[in-house]
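This report refers to the structure that appears directly beneath it.
What follows draws every value from the coordinates through simple rules; no lab data is involved. Not measured: the values here are computed from a predicted model. FYI the Cβ positions are ideal-geometry reconstructions off the backbone, even for glycines, and counts take in every protein chain you see.
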Amino acid sequence: MKIQSKRMDVFQPSIFTKLKLMKLDYTKRTNKKTIDFSVGSPNIAPEPSIMKVMQEAVLVPENYKYAINELPEMKSAIHDWYQNRYGVQLEEDEMICLQGSQEALSTLFLALCDQGDIVLVPDPYYPIFSDGPKIANATVEYMPLLEENDYLIDFDSIDPEIARKAKMMIVSYPNNPTCAIAPDSFYEKLIAFAKKYEIIVLHDNAYSELVFDGKIGKSFLSFDGAKDIGIELNSFSKTFGMAGARLGVMVGNKEIIRVYNTLKSNMDYGIFLPVQYAGIEALRHGGKGIKSTCQAYQDRRDLLMEEFKKAGWMIPKSPATMFAWARIPESYKDSLDFTVDLLEKTGIVVTPGQAFGQQGKRYVRLALVQDKEAIIEAGLRLQQADIFKNK
Ligand SMILES: Cc1ncc(COP(=O)(O)O)c(C=O)c1O
C-alpha cells in the first residue's frame, strides 16, 4: 500500500527536528549542556493582564463552544489597532483572524492558486513561504535577497516573462532570517510592480513591533494602492509573546479575504474563545509590554555582538526581528558543515542558513532567545574553541 502522496516528496523532516537529534546526540556523548540559538520561539512572557483574561475565560463553560467566527469585539480591536498603530483604516470585511499567521501561509495558496501557477518567493525564506505554495502544487520561482542589496528584492532582476505569468508574490520585512527592514521607497516599487504585472502580494509582517534603535515598523497597507493588490498577515506571537496561543490576522483586500474565508470556513470552526479574549486584551492594553520586549531583544542583540566579537565572530547589527544573520568562515564547505562543527566544538546550536534556501548557504541564523548569562557563556566557549581567529 502506498501511503505517501506525491506532494509529500518535496517535504523532509524540518531542520529543527534534525537539530534536536544532533543536540541529543551531543549531550549523550559529551555530558555537556548545549546553548540553543536555533528555534525562534519567543521566551518573553505576555503582559500579566493578557494571561489573566485568558485564565478567567477558560473557567467559563460557555467559552468551550465552537467560536466559528471572530467576536465582534475582536474585529473592532483589530480595526482600532491598525488605525492607531499604522494609520490604516480597515472595513469589517477586510479582516479575519487566523490560528497564527502560519495557518494562512500554509493554506492561502490552496484558495488562490491553480496547479502550476507561479508564486514568487524571496530566497532566503521563512520555510513555509516555499512549502505553502508547494502544498497547493503551485510553482515557486525564487527572488534572491543579496547582502549587497541590503537583502531587498530587486524588482529589475525579475525576468518580465516570469513576472507576467506570476500569480502571487510573498514579501516580508522585517525579514526572517536576514533581519532586514525595507524603506518606504521599496514598498512604492513593490506596489507599482505588482499592479503592472497583476500579481497578488502577500506581505508577512510578523516582526512589525520588533524594530530596533528607535525605528518604527510600518504596515504594507499604509502605502497607497496596497489594498488593491494584496493582504498583510500579522501575528500575536512575537508582538505579545503569545506564540503558543496561536493567533494572527489577515487584513487587506476584501476579495482575497472573502475567497480565503470560504476555504477556511470549511476547514476550521474558529479560534478558541479564551484566546480571542486574550487577543482583544493584548490589542487594547498589551501595548505596554511591546516596548520592553523589543528592548530585551535589542539588548540581547548587542550583548551577542559584543561577546562573540571577543572570539573573532563579527555578528552584523540586526535592524529588527529576534534574530541575527551571520556569515560563516570561508574555510567551511557550507552552513551545515559549520553548524555541525560549531556544535561539536562549543555545544552552541544555530540554524544553518541553507535551511532557508540556496542563498543562505554561507550564513547561519541565531535566534535571540537566550538570556544574558547564556550569551556570555556562549561567547566564552567560542573564545576557547578558537574557531574564528584568523579566519
Ligand atoms: C516570518 C514569519 N512569519 C510567520 C511566522 C509564524 O507566526 P505565527 O506564530 O503567527 O504562526 C513566523 C514565526 O516564526 C515568522 O518568522
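Below 8 Å, C-alpha to C-alpha, sequence gap of six or more: please give me the relative contact order for the chain in percent. Contact order relative to length: 24 percent. Evaluated at q = 0.07, 0.08, 0.09, 0.16 Å⁻¹, the base-10 log of the normalised Debye intensity for the range 64-287, with identical point scatterers placed on the Cα atoms, takes the values -0.20, -0.26, -0.34, -1.12. Across the chain, what fraction of all alpha-carbon pairs, as a whole percent, falls in each successive 10 Å bin from zero upward? Distribution as computed: 5, 22, 31, 26, 13, 2, 0 percent.
Output the antiparallel fraction of DSSP beta bridges having both residues in the range 64-287, as a percent to the nearest 5. Counting DSSP beta bridges with both partners in the range 64-287, the antiparallel share is about 35 percent. What percentage of all Cα-Cα pairs in the range 68-165 are separated by more than 24 Å? The calculated P(r) of the range 68-165 puts 44 percent of pairs beyond 24 Å. Placing unit charges on each Cβ (+1 for Lys and Arg, -1 for Asp and Glu) gives the chain a dipole about its Cα centre, and among Met168, Ala226, Val140 the Cα reaching farthest toward its positive end belongs to Val140. For the range 261-272, putting each phi into the Karplus relation 6.51 cos²θ - 1.76 cosθ + 1.60 with θ = phi - 60° gives couplings of 5, 5, 4, 4, 5, 8, 9, 9, 10, x, 8, 2 Hz, in residue order, rounded to whole numbers and with x for Gly and Pro. Taking θ as phi - 60° and the Karplus parameters 6.51, -1.76 and 1.60, the scalar couplings of the range 233-246 work out to 9, 9, 10, 8, 5, 8, 4, 10, x, 10, 3, x, 7, 6 Hz in sequence order, x denoting glycine and proline.
Counting only DSSP beta bridges with both residues in the chain, the antiparallel share comes to about 45 percent.
Computed from the alpha carbon atoms alone, the convex hull of the range 89-221 holds 120 Å³ per residue. Normalised by the number of residues in the range 64-287, the mean separation of alpha-carbon contacts (under 8 Å, six or more apart) gives a relative contact order of 28 percent.
If eta is 0.890 mPa s and T is 25 °C, what Stokes-Einstein diffusion coefficient results for the range 171-211, Kirkwood Rh from Cα pairs, in µm²/s? After rounding, the answer is 224 µm²/s.
When a/c is below 1.5 the answer is rounded, else prolate if a/b is larger than b/c, else oblate, so apply that to the range 152-275 with a ≥ b ≥ c taken from the square roots of the Cα gyration tensor eigenvalues.
On the way: a/c = 2.22, a/b = 1.23, b/c = 1.80.
Oblate, since a/c reaches 1.5 and b/c is not below a/b.
Karplus-derived 3J(HN,Hα) values for the range 374-381, using 6.51 cos²θ - 1.76 cosθ + 1.60 with θ = phi - 60°, are 5, 5, 5, 4, 4, x, 5, 4 Hz; glycine and proline are entered as x. Remark on the range 33-81: Rg and Dmax equal 16.3, 48 Å (Cα only).
Of Val119, Val58, Val201, the residue with the greatest mean-square motion in the GNM of the chain, using alpha carbon springs below 10 Å, is Val58.
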